[in-house]
């Protein structure tokens, strides 16, 4: 455990951010799995929204978000 006040604060902040990031990332992964299972347009729209939200918050990079959106869209279109 750090002794300096600012270092203690950084530990607390990083723990909070890690928790929030894992919530967003988990929600995104769940939405992607749901699209893979149902291949529904409504689920696709929700998954794209979650991916964009994770991108906006800096949890995933732009190319990763684009790749995930492309793959799930392709899978939904193929299932039609």
Check: For the chain, what is the mean residue ellipticity at 222 nm derived from helices alone (per DSSP H run of n ≥ 4: -39500 (n - 2.57); sum divided by total residues; nearest 500 deg cm²/dmol)?
Finding: -30000 deg cm²/dmol
Margin query: Using the Kirkwood radius over C-alpha pairs as Rh, can you work out the diffusion coefficient of the chain via Stokes-Einstein at 37 °C, viscosity 0.692 mPa s, in µm² per second?
Written below: 235 µm²/s
Check: Can you tell which of 14, 22, 70 shows the greatest fluctuation in a Gaussian network model of the chain with Cα springs below 10 Å?
Finding: 14
Notebook entry, point to check: Given the options 39, 54, 15, which has the most mean-square fluctuation in a GNM of the chain, springs set between C-alpha atoms less than 10 angstrom apart?
Noted result: 15
Notebook entry, point to check: Can you tell which of 35, 48, 11 shows the greatest fluctuation in a Gaussian network model of the chain with Cα springs below 10 Å?
Noted result: 11
Next item on the list: Based on other C-beta atoms within 10 Å, arrange 75, 6 from fewest to most.
Entry: 6, 75
Checklist line | Contact order normalised by residue count of segment 5-79, Cα under 8 Å, 6+ apart, percent | finding: 32 percent
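A short reminder: the numbers here are calculations on the coordinates, not readings from a lab. Please read these numbers as outputs of a predicted model, since none were measured by experiment. Virtual Cβ from ideal backbone geometry, glycine too; neighbours counted across all protein chains shown.
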